[in-house]
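Reading through the structure tokens given below for one structure.
The numbers here are math on the coordinates, done by the rules we state, and not lab data. Just so we're clear, the structure is a prediction, and the values are computed from it rather than from any experiment. Cβ atoms come from the backbone with ideal geometry, glycine included; neighbour counts cover every protein chain shown.
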Amino acid sequence: MSRWSRQHPSLTRPSGFSLVELIIIIIILGILSAVALPRFFRPADFEARFVVDDLKLALQYGQKRAVNGGCQTEFRLTTTGFSLWSDSVCNGATPVYSNAINHPSDGGAFSVTFPTGVTLKTPVPPLTLRFTTFGTITNSADALIAAPLTLQIQQADVVRNIIVHGSTGVIE
């Protein structure tokens, strides 16, 4: 051994991990990814979020359609899902909500069924909201919704809220 290597022994020894250590780390990471990661990325955890997004889209679309189209629209919420309907008379007299509104993305009826495990917590369904041509929101008796209405969507222990302001038509 040279005199220099005796003075600096760390420079002559190999450093790093051995092959066995690397294999053990890879095995541990594989076990963790197989066990822990699925808990973080379960599709069921996102279903309540998707329902809330779809509900907000339906409410906003129904309102905009009523304002732009000049015909009132109706939003129907049940224990199993929701749908959008249009006034088929559209003459300012007593509205008749018999025309299903088509979804803008696929052209099919704007009707959504809740996934398994996703429920409407409050208000107790059925709920009917009507959008006037002025953008305001009324109930099924055509009375303006004065106080903010909170829709709560629940899945397991996660609750998400949608707040509807009837007098202004704001949906948040």
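Taking every C-alpha pair closer than 8 Å and separated by at least 6 residues, the mean separation divided by the residue count of the chain gives a relative contact order of 18 percent.
Helix 44-69 and the longest principal axis of the Cα set of the chain meet at an angle near 40°. In this rough spin-label picture, where each label sits 7 Å from Cα along the Cβ direction, the N102-L37 distance is 4.2 nm. Counting 0.36 nm for each residue step from T94 to N139 and taking away their Cα separation leaves a gain of 14.7 nm.
For the chain, a Gaussian network of Cα nodes joined below 10 Å ranks D54, D157, D142 by mean-square fluctuation, and the top entry is D157. Restricting segment 88-164 to chymotrypsin sites (Phe, Trp or Tyr not before Pro) that sit in a DSSP loop and have at most 15 other Cβ atoms within 10 Å of their own Cβ leaves F134. Projection of the Cα convex hull of the chain, averaged over all directions and equal to a quarter of that hull's surface, yields 18.1 nm². Could you state the number of Å between the C-alpha centres of segment 146-172 and segment 63-130? Cα centroid to Cα centroid, the span is 16 Å. Here r is the Cβ-Cβ distance between K121 and K64 and R0 is 41 Å; the resulting FRET efficiency, rounded to 0.05, is 0.95.
Between S167 and A146, the modelled label-to-label distance comes to 0.9 nm, taking each label 7 Å out from Cα in the direction of the beta carbon.
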